[in-house]
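Participant: Sharing a structure, written as structure tokens. Questions coming.
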Amino acid sequence: MAVAQADPGSDPAGGARFFCTAGRGLEPFLMREVRARLEATQVEYISGKVFFTTCSDLPSMKKLKSAERLFVLIKKQLPIAVSSLHKGRILNEMQRFVNDDPGSWLEAISLWKKLLEHDPKREKVSQRDANPLKRKAGENETIIAKKLKVEEKQEVAKDHGESQEDKLLQGSPEQGEAVTRTELQEQRLNSTTEKAADAQDQEDLTFRVSCRCTGNVRKVITGQEAGRVIGLALMRQFGWKADLRNPNIEIFMHLSDAYSVVGIPLLRMPLASRTYIQTAGLRSTIAWAMASIAEIKAGALVLDPMCGLGTILVEAAEEWPDVFYMGADVSDSQLLGACDNLKAAGLIDRIELLKGSVTDLPLPSQSTDVIISDIPFGKKFKLGKDIKSILQEMERVLRVGGAMVLLLSEDHHRHLTDCGGSSIPLTSQGHIAEPEMKTLSNPDRTGAPGTASPSQRASSLQCLGRMRPCGSLVPVESFKVSLGKTDAFICKYKKAQASGLSSAECHEPGAHAEMAAMQESPFLQDSL
């Protein structure tokens, strides 16, 4: 993974603070990636977000593969105590985000402008990638725009006793719930970045506020109300003007029971929207995360025996070019879609596609170095016999010492696990602990959150020793991740020697030094 080169002319001395949003469960991957790719420091996280300091320029940050969106950080602070305050006091507390520290806003705006000015490539968003909820969002924004403009007029005409809010807003339906919906707030960034560098003075800026409220905060105040309060505070403090259809800048705010975060998005489209993938299958961030722990090395043969539209192969080939890739699938339509993706990405000469069943691969035994695959979630392959036959065939073609990374449904993962239901430390509800995130075998030498204690690692190692799903495949690590409506597990295995390792050897202290080495994935270690 190439390390970004800092541009002294475009970045402040000592670096600046940024944050990225990430899919649930991908925070460990993103933390390691910003360290490795951006030489980031002060890396920390809260659920769904990773914060870091870096001197890297915007083109370098655009290369992040496990992130959803990228922001300049304005503020990160403790949550508002909604349980002990009435609504008026809560709104007053929100105004203090702006009024108590206007300098942090001005510094963030200056950095935002500088990064955009030094970005040699401006984004080109195709109509195909446009948000399907754009019309709905536009309707909601029109309502908010009216309210903001009314508030602004009231401030100007206060001494004259003029008030037209009721007149302008009469008959407008309440749309706050739709505006604060995650899909709109996390995926909709229609700000025009091309105009950003052209605003010479901060007083000339036009803006809009996108606010997301979750937890108990949402029960007291809507995102619409919070956005209006912040918008009025910004107009009073800096003289900016609200423009919710075509603003220079968007302010993003997330208020939850655990934290309050305010930032400025740097890009119109998510980092996860890959320009080199024509037809998306598996989400690109998940595909890249799987490839990142597969120990891909130059000259290796990487196989996806159930490649579908080829998303995993494309993500891997973009990041690790000096490798030969092969994909197989039984579906003609899936192979045609994969071929289109390879052509669009310019990878048709580096990835070979073939038609074949995963239970009868036309490959010699021990011929592949790495296997990465998304196992269908039960509709095509049932639990038990089918999954066992799939793993047996994958084991056959994988060389000794090779790595295999699979995306498994919760049912498949449970079926392959015989030590209490999971190989990853979970809460009693079956979810990753929050705010602590604990991933198996993730010894971060910098002491970042997620470091497992020696006792936890010993317990997990014992568990792994009893998880031999098939012959010589030894489980190494597992990550629970969100696919949106459902959860899944990224599971890594290694093929041991033909004689294998017995269950007792796997968890007997000091029995095999190589098992301890397996517990530390090169990518997930601190890269500094």
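Participant: Would you mind checking which residues have amide H under 5 Å from Val323's amide H? H placed 1.01 Å from N; only 5 or more apart, or other chain.
Facilitator: Result for Val323 returns Gly299.
Participant: Order the peptides 66-73, 272-279 from the highest to the lowest mean number of other Cβ atoms within 10 Å of their residues.
Facilitator: Values: 66-73: 22.9, 272-279: 17.1.
Per-residue Cβ counts within 10 Å, averaged per peptide and sorted highest first, yield 66-73, 272-279.
Participant: Does segment 310-397 come out rounded, prolate or oblate by the C-alpha gyration tensor, with a ≥ b ≥ c the root eigenvalues, rounded set by a/c under 1.5 and, if not, prolate when a/b is larger than b/c and oblate if not?
Facilitator: Values: a/c = 2.04, a/b = 1.47, b/c = 1.39.
Prolate is the answer for segment 310-397, as a/c is 1.5 or above and a/b outweighs b/c.
Participant: With a 1.4 Å probe and all protein chains in place, put Trp320, Trp112 in order of accessible area, largest first. Could the numbers behind the result be given before it?
Facilitator: Working: Trp320 50, Trp112 5 Å².
Descending order: Trp320, Trp112.
Participant: Let me ask something additional. Please give the peptides 345-351, 368-374, 325-331 ranked by average Cβ packing (other Cβ atoms within 10 Å per residue), highest first, as a rough proxy for protection.
Facilitator: Numbers: 345-351: 16.0, 368-374: 23.3, 325-331: 20.7.
For the peptides 345-351, 368-374, 325-331, the packing ranking is 368-374, 325-331, 345-351.
Participant: What accessible surface, in Å², does a 1.4 Å probe find on Phe238, ignoring ligands, DNA and RNA and rounding to the nearest 10?
Facilitator: Probe radius 1.4 Å; accessible area of Phe238 about 30 Å².
The values are calculated or read from the model by the stated rules, or taken from the named source; none is laboratory data. In this text, all values refer to a predicted model and were calculated from it rather than measured experimentally. For neighbour counting, all protein chains shown are included, and Cβ atoms are generated from backbone atoms with ideal geometry for every residue, glycine included. Remember, those area values only see protein heavy atoms, side chains included, never the ligands or the DNA or RNA. Shrake-Rupley method; radii C 1.70, N 1.55, O 1.52, S 1.80 Å.
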